[in-house]
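Each remark here refers to the structure printed beneath this line.
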Amino acid sequence: MRWNWMSGALLAAAIAPPSSAQISVYIGTPPPAIVYEEQEPPPGTDFVWIEGYWRPVGHRYRWFRGHWERPPYEGAHWTHPHYDHYREGWECHEGHWDHEDHDNGHWRDHNHGRGHRDHDDRD
């Protein structure tokens, strides 16, 4: 009985995905053009404007409007969502708060080709 429980636990641990696993969703068509949105006045001096963007929903894109957000901690920097083109299609890299400005004004090149063997540089 004890061996059955232990072998079951080992099997479950072996087939369980790691908690840091990511699932990539690819869409065959590029996202539509960015929609220009006029910013409303900020609700306070410590808010940052998060630009709107196209998010994949199923096999289509849906526009998520820009909005004001308060950074989650002092020194936080917003990294904009962006798309990269791979052999499988277009992949969305979600926006996120980070500790410092990693993109240095070049957000389209953020993580450009890292971890993707089949990256297509011809976009």
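Computed from the coordinates by the stated procedures, all read-outs in this text should not be read as laboratory data. Because the structure is predicted, anything quoted here is derived from the model rather than measured. Counting neighbours? That spans all protein chains shown, and the Cβs are built from the backbone with ideal geometry, glycine included.
Remarks
- The residues neighbouring GLU37, those whose beta-carbon lies less than 14 Å from its own, together hold a net charge of -2 under the Lys/Arg +1, Asp/Glu -1 convention.
- Relative to the current alpha-carbon distance between SER24 and HIS99, full extension at 0.36 nm per residue lengthens the span by 24.6 nm.
- For the pair PHE64 and TYR36 in one chain, pulling the backbone fully straight at 0.36 nm per residue adds 8.9 nm over the alpha carbon distance.
- Projecting the Cα atoms of HIS85, ALA33, VAL48 onto the charge dipole of the range 26-86, computed from C-beta unit charges around the Cα centre, puts HIS85 farthest toward the positive end.
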